[in-house]
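What follows is a set of notes on a single structure, which appears directly below.
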Amino acid sequence: MPSGAPRLLIAGETFEDLIFAELPRLPRPGEEIRTDQFRRTFGGGALISAAWARAEGLEVDLLSALPPRVGRVLATEGIGYRNLRRPREPHAVTACMSFGPERSFATFNGMNRELEQRIYVALRRAGSTSPFGAVLMAMPPRVCPAWSELQTAMRQVGETAEIFWDFGYDEDLPRRDGFAELLEQAAGVFLNGQEANLYDGPNGFLQRAADAGTLVIVKRGADGAEVFGRPETRVAAPIPLRGIRDTTGAGDAFAAGFLARRLRGGSLEEQLAAGNVCGARSVQHLGGLPRRPWRP
């Protein structure tokens with residue numbers, strides 16, 4: 001990894017988040033359920049990871065389609081950003097219904113369907129990621145061969161930034177052309193247990209990626225985290241894990257903590273433990289962003 005001050009580039013989706021918390025259950029069809037716990041904030045894997053990475057002391061740049069007003073918050077916190085949403089284009093909005101440790105979502109895409117192509121073009125035009133120690137792609141790719149080609153081209157010209165992916169849950173992704181090759185060319189990928197089962201599947205995609213040298217990190221919530229296929233790497237979650245209020249963005253906070261420790265050096269176990277700590281801190285309050293001052 002490059003020497004010097006740790007710096008991270010994060011690209012992916014950002015949302016305006018409407019969080020309805022401490023619900024007793026999900027409403028049935030035609031039913032209304034009320035709660036006194038509500039938070040209007042910003043979210044999305046890219047923004048949440050950027051916020052936590054900055055809170056952990058990294059220099060962070062964000063490449064995303066940003067909702068109104070969030071740019072002022074990013075500037076205040078010292079997060080560099082480029083907004084790929086054009087004037088008058090709708091921004092993405094997510095409504096989260098949280099009940100205990102479980103969540104359900106309804107999302108308006110806004111212009112995010114155009115975001116992957118714009119991120120790809122922006123990275124191609126930039127021509128270099130050398131200022132960064134790592135790049136985190138916080139989105140599911142729809143055109144896997146293009147990203148594999150980009151990663152190969154970067155290595156061929158001597159780029160040293162490690163490229164990590166956090167796909168989220170996408171049932172179509174294992175069936176897309178080039179997915180296996182994309183996995184095998186990445187430096188690492190962050191998955192929860194459900195995603196690991198989906199993406200490994202009957203073809204053993206994750207095992208193939210691990211055999212090729214990809215670091216496949218599996219987040220298991222209160223059971224800690226481990227490297228896929230290597231149970232001896234399991235690192236327990238912080239004990240005691242008090243009062244889970246909202247699990248929104250916990251996995252994104254984990255990725256930020258992991259990469260922050262990785263860019264500063266340290267063993268794999270220390271990197272997993274740092275991810276666990278950020279994930280555990282995240283679930284103690286509503287919304288995925290760190291407590292202060294991340295509010296519209």
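For the reader, a short list of remarks on this structure follows.
- Amide H contacts of L84 (H built 1.01 Å from N, in plane; Pro and chain starts excluded): S64, A65, L66 sit under 5 Å, all sequence-distant by 5 or more or on other chains.
- Of the GluC sites (Glu not before Pro) found in segment 1-79, those in coil by DSSP whose Cβ has at most 12 other Cβ atoms within 10 Å are E31, E32.
- Neighbour net charge for A187 - beta-carbon separation under 14 angstrom, K R +1, D E -1: -2
- Accessible surface, per residue, of segment 46-107 when the full set of protein chains is kept, probe 1.4 Å, Å²: 45
- Fraction of accessible area attributable to carbon and sulfur, the chain (%, probe 1.4 Å): 49
- Overall dimensions of the chain, expressed as equivalent-ellipsoid semi-axes from the Cα gyration tensor (√(5λ), whole Å, largest first), are 28, 23, 20.
- In the context of the full set of protein chains, residues of segment 143-296 present 43 Å² of accessible surface per residue (probe radius 1.4 Å, heavy atoms only).
- Computed E for L18/E114 - FRET, C-beta separation, R0 25 angstrom, nearest 0.05: 0.65
- Amide proton proximity set for F15, modelled H, under 5 Å, gap of 5+: G43, G44
- Heavy-atom SASA rank of D170, D36 (probe 1.4 Å, accessible area, largest first): D36, D170
- DSSP-defined antiparallel bridges as percent of all bridges, the chain, nearest 5: 40
- Segment 101-257 shape via C-alpha gyration tensor axes, a/c threshold 1.5: prolate
- Mean Cβ neighbour count within 10 Å, used as a protection proxy, ranking 152-158, 82-88, 268-274 highest first: 268-274, 82-88, 152-158
- Prolate/oblate/rounded call for segment 182-251, Cα gyration tensor, a/c under 1.5 rounded: prolate
The values are calculated or read from the model by the stated rules, or taken from the named source; none is laboratory data. On a predicted model such as this, the values are computed, not experimentally measured, just so you know. No Cβ is skipped: glycine too gets one built from the backbone with ideal geometry, and neighbour counts run over all protein chains shown. To get the accessible areas, we keep the full protein, side chains included, count just its heavy atoms, and leave off ligands, DNA and RNA. Shrake-Rupley method; radii C 1.70, N 1.55, O 1.52, S 1.80 Å.
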